[in-house]
Each structure stands twice: as C-alpha cells, then as structure tokens.
Amino acid sequence: MSGADEVAQSEVARALAPLYQEYLRRLDEMAARVKPEALLREPTTRDEAGLLVSGADGFALRFDLADDETSATFEVRSAHDDAPLVSRLLIGALEVELKPGSWEALRIDCRFDGPPVPEDAVALCALLRAFAELGHHGAFIARRDAAVWSGRIHSFSVLVNGASISALYDFGSCPPAALDVLLRALDGFGRDRAPIARVIIGGPPPDPRRAL
C-alpha cells in the first residue's frame, strides 16, 4: 500500500469522526438518565425461550440502551444532521462525496453510470450486507473503546433504484475507521464488475418502502 493510500484511509475516519462523536455524546447523555446498576449498553433481545430476537434485517435486534430494572429500551436519534469534515475524497479510483448525516441512520449511495445488470446489482447488495454483518459481530471495534461500548453495527437495509443502490446503516458504536474497509471493497468491486461512478455518504434516509 502506498503512502498516499494510507493518507486516504486515515482521511475517511477523520472526515466522519464528527458524526461518530456526536452519536457517542447523545448515547452518553441518554445513559446518564438510567441508574448505573440497571444500565445495559447496546443489549440484544431474547424471547421467552432465551432465543435471540431478529430485526427486519435478520440480525439480532439490538438497542442503544436498556434499563434492566424497568425493561425499558432506548434508541438515540438526532434531531439534526452532523457535518463531515470534508465534502470529497478519492479512495483508489472511487470518488466519494460526503454530506451531513446521522451516524445512527447513515445513508451510503453507490451510483453507477447506468442501471447495472441484475447479477452485479445482487452482488453489490450482498457486499453491502456482508460488511454490515461483519460490523454487527464486532469486526471493526477499536480495542480502546471495548470497555464501554460494543463497537457494533446495529442494523442495515438496502434499496435498489435504477442506477443507484442505497444502503442505510445504523452504525451504532462501530468506529468510523470501518468505512475504510467498505470503501476499499467498493473500489475493488467497481474494478471487477460494474464501475461505480460515485459513492455518496450521508444525506436523507432512502424511502423504506423500497427496501430489499
């Protein structure tokens, strides 16, 4: 890996750090409202038989916080979007545009020059989901954060609309350095399959009625 590539990787994490830090701030504020002895951080949910309950994406249903004493669960949601530090990056041959967004509902658009063939669309959806699954199981956690938050992606959905495939991630406490991995994979996908003209991170969430 060249020195320029290493700089580009670190720029991704730095650019998205404000979104991540604001989410953690909101998370800490909500956690402070629950008794410390009853606080559950990013817990999964189990049914009466002790089996994990799955969300609509098939992943284990995970909340931001829960109160073990009252069984109340809490989801942190921002009232406004947070701005990244830069608006554009180049990752390999991949052009990346960054817009204001929310870490707990972050949109990632992959835009082709034209509608991809079905095989390429299916393959890209699978890649976006595979990344989410890795993050859901804690593949990208930073060791220094492990004692407080789980570092996991909470949920995921994907939508196909013509020449655009959009993923919506609740990144939870997954660190922004994880996006280095995804963008490298998207760059490689564009070289091997249908070229991706541009990736846009942030912006309003896509219409959930078209979710796959």
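Given the range 108-204, what strands (runs of 3 or more DSSP E) lie entirely inside it while holding 3 or more residues that are free of Cβ contacts under 8 Å to residues at least 60 places away in the same chain and either within 28 Å of GLU22 (Cβ to Cβ) or among the small types (Gly, Ala, Ser) (or both)?
Where strands (runs of 3 or more DSSP E) fall fully within the range 108-204 and carry at least 3 residues being free of Cβ contacts under 8 Å to residues at least 60 places away in the same chain and either within 28 Å of GLU22 (Cβ to Cβ) or among the small types (Gly, Ala, Ser) (or both), they are 164-170.
Select from the range 90-107 the residues that are buried (at least 19 other Cβ atoms within 10 Å of the Cβ) and not in a loop (DSSP other than H, G, I, E, B) and list them in ascending order. Working first, answer last.
Going through the range 90-107, the residues buried (at least 19 other Cβ atoms within 10 Å of the Cβ) turn out to be 91, 94, 96, 98, 101-104, 106-107.
Residues satisfying the conditions are ILE91, LEU94, VAL96, LEU98, GLY101, SER102, LEU106, ARG107.
So in the range 4-40, with the set limited to residues that are hydrophobic (A, V, I, L, M, F, W, C) and closer than 16 Å to GLU97 by Cα, which one is modelled with the lowest pLDDT?
Keep residues of the range 4-40 that are hydrophobic (A, V, I, L, M, F, W, C), which gives 4, 7-8, 12-13, 15-17, 19, 24, 27, 30-32, 34, 38-40.
If we keep only those that are closer than 16 Å to GLU97 by Cα too, we end up with 8, 12-13, 15-17, 19.
Values: ALA8: 45, VAL12: 92, ALA13: 93, ALA15: 96, LEU16: 96, ALA17: 95, LEU19: 96.
Checked the range 4-40; the qualifying residue modelled with the lowest pLDDT is ALA8.
Search the range 147-163 for residues being among the β-branched types (Val, Ile, Thr) and more than 14 Å from the chain's Cα centre (by Cα), and hand back the single one that is nearest to ALA56 (Cα to Cα).
Going residue by residue through the range 147-163, those that are among the β-branched types (Val, Ile, Thr) are 148, 153, 158, 160.
Then keep just the ones that are more than 14 Å from the chain's Cα centre (by Cα); that gives 148, 160.
Numbers: VAL148: 27, VAL160: 17 Å.
Selected residue: VAL160.
Would you point out the residue of the range 60-89, among those that are under 15 Å from ARG14 (Cβ atoms) and either out of contact with any Gly (no Cβ under 8 Å at 6 or more places or on another chain) or hydroxyl-bearing (Ser, Thr, Tyr) (or both), that is surrounded by the most Cβ atoms within 10 Å (Cβ to Cβ)? Break it down into steps so the answer makes sense when it comes.
Initial filter on the range 60-89 (under 15 Å from ARG14 (Cβ atoms)): 82-89.
Filter once more, keeping what is either out of contact with any Gly (no Cβ under 8 Å at 6 or more places or on another chain) or hydroxyl-bearing (Ser, Thr, Tyr) (or both): 83, 85-89.
Details: ALA83: 15, LEU85: 12, VAL86: 14, SER87: 13, ARG88: 11, LEU89: 19.
In this case the residue turns out to be LEU89.
Considering each residue of the range 49-79, count those that are touching a residue at least 12 places away in the same chain (Cβ under 8 Å) and in a loop (DSSP other than H, G, I, E, B), and give that number.
Matching residues across the range 49-79 total 14.
Output yes when any residue across the range 101-108 is closer than 23 Å to LEU159 by Cα, of a type outside the set (Lys, Arg) and over 16 Å from the mean Cα position of the chain (by Cα), and no when none is.
Going residue by residue through the range 101-108, those that are closer than 23 Å to LEU159 by Cα are 101-108.
Filter once more, so that each one left must be of a type outside the set (Lys, Arg): 101-106, 108.
Applying the additional criterion that residues be over 16 Å from the mean Cα position of the chain (by Cα) yields none.
Looking for residues that are closer than 23 Å to LEU159 by Cα, of a type outside the set (Lys, Arg) and over 16 Å from the mean Cα position of the chain (by Cα), one finds none in the range 101-108, hence no.
If GLU11 meets every condition in (1) over 16 Å from the mean Cα position of the chain (by Cα); (2) within 24 Å of ASN161 (Cα to Cα); (3) touching a residue at least 60 places away in the same chain (Cβ under 8 Å) apart from one, which number is that one?
Unmet for GLU11, out of (1) over 16 Å from the mean Cα position of the chain (by Cα); (2) within 24 Å of ASN161 (Cα to Cα); (3) touching a residue at least 60 places away in the same chain (Cβ under 8 Å): (2).
Rundown of residues vs (1) crowded, with 19+ Cβ neighbours inside 10 Å; (2) among the β-branched types (Val, Ile, Thr); (3) in contact with a Ser or Thr (Cβ under 6 Å, 6 or more places away or on another chain), yes/no style:
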site	(1), (2), (3)
CYS110	yes, no, no
PRO115	no, no, no
GLU119	no, no, no
ALA132	yes, no, no
HIS136	yes, no, no
VAL158	yes, yes, no
GLY162	no, no, no
TYR169	yes, no, no
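The values are calculated or read from the model by the stated rules, or taken from the named source; none is laboratory data. Bear in mind that the values here come from a model prediction, so they are computed numbers and not experimental data. Positions of Cβ are backbone-derived with ideal geometry, glycine not excepted, and every protein chain shown enters the neighbour counts.
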